[in-house]
1. Using alpha-carbon pairs under 8 Å, 6+ residues apart, how would you state the relative contact order of the chain in percent?
2. Given the rule -39500 (n - 2.57) for each run of at least 4 DSSP H residues, summed and divided by the residues of the chain, what is its mean residue ellipticity at 222 nm, to the nearest 500 deg cm²/dmol?
3. Label residue 22 and residue 131 with points 7 Å out from Cα along Cα→Cβ: what is the distance between them in nm?
4. Quick one: divide the alpha-carbon radius of gyration of the chain by 2.2 N^0.38 Å and tell me what you get.
5. Pick out, in residue order, every one of the trypsin sites (Lys or Arg not before Pro) in region 109-176 that is DSSP loop and has at most 16 other C-beta atoms within 10 Å; say none if there are none.
6. Calculate the all-directions average of the projected area of region 33-100's alpha-carbon convex hull, and give it in nm².
7. Of 214, 232, how do they rank once you tally other Cβ atoms within 10 Å and put the fewest first?
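Please treat every number below as a calculation from the coordinates, not as lab data. All figures in this text were calculated on a predicted structure; none of them were measured in a lab. Note: ideal-geometry Cβ built from the backbone for every residue, glycine included; neighbour counts use all protein chains shown.
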Amino acid sequence: MKQNCQSIASSVLNKSEIALLSNIPGMLKRQYSITRVARISALLRTRTREDIDTIIIYAQKSDGGWSDTEETIWCAKLLEAFGDEYTSQINRAISWLKSIQHPLGGWGLTSRDMPRIPATGLALTLLPQLATESAFMWLEKEWAKDLQADVKLTYKGGFTLMAFGRNSVQPENPNLIEQTLTYLSAEQNKDGGFGPWKNHPIGSDPWSTGITLVGLTSYPKLADRKVIEQAVEWLCDNQLPSGYWRYHFIDEGSAYAYWGLTEALKYLGEL
């Protein structure tokens, strides 16, 4: 990693954390999406309640879920971080997520949606209580199919890696992980970041880069250190003065960039 980036990477992370944290009160006041608040709060190393837990508990529906799959995942994950006092609410959320799991094994955006790799990967990564053989079998089969397609999406590879790696689950195909790592390394843009695919019209973005970093660092013994270092450099070079990264959903893109940078710096021994 470039010397200048190595010296400022932790500062970049801290600046991002301050920006994301400072935005939470305004989001709550304006009654912004609970997903956005829960996502940021769950990922930050510094956590403040700011009445977040009260608002989240109030918004939980009678069936145990929140507005959709992703919101339920993030809310349950955040409540876990607050300690044992919310065990009942977390268990209800897990039960709801299990109830809407697709018969094929994955999760969609809603109970009526088809199963999708991002939703399934996120669920298995953040809530290992959901880990079942059918879920991992579906994820492996779906990603293996995507990996053979003409157009592949980096973030799907990232979500797949993080789900398998952070649950220490071995795919039935013993080569799938190395194939995915090789694919992602080859998809890195010349500037060091990642987009949905290499040379995508929008270029590198913080969302794809963050997800890819979380995926790659899920396999620290197999990942290419240089690829991770270059992605960190891209995040260092492209942070806005505000502490965010440019993205159409700026706090979502920045939250995933923050997550990826956190895991990358742990991998590099900087945290």
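1. 19
2. After summing the helix terms and dividing by the residues of the chain, the value is -19500 deg cm²/dmol.
3. About 3.9 nm separates the two model spin labels.
4. 0.97
5. When the trypsin sites (Lys or Arg not before Pro) of region 109-176 are filtered for loop state and at most 16 Cβ neighbours within 10 Å, 112 remain.
6. It is 4.1 nm².
7. So the residues, fewest neighbours to most, are 214, 232.
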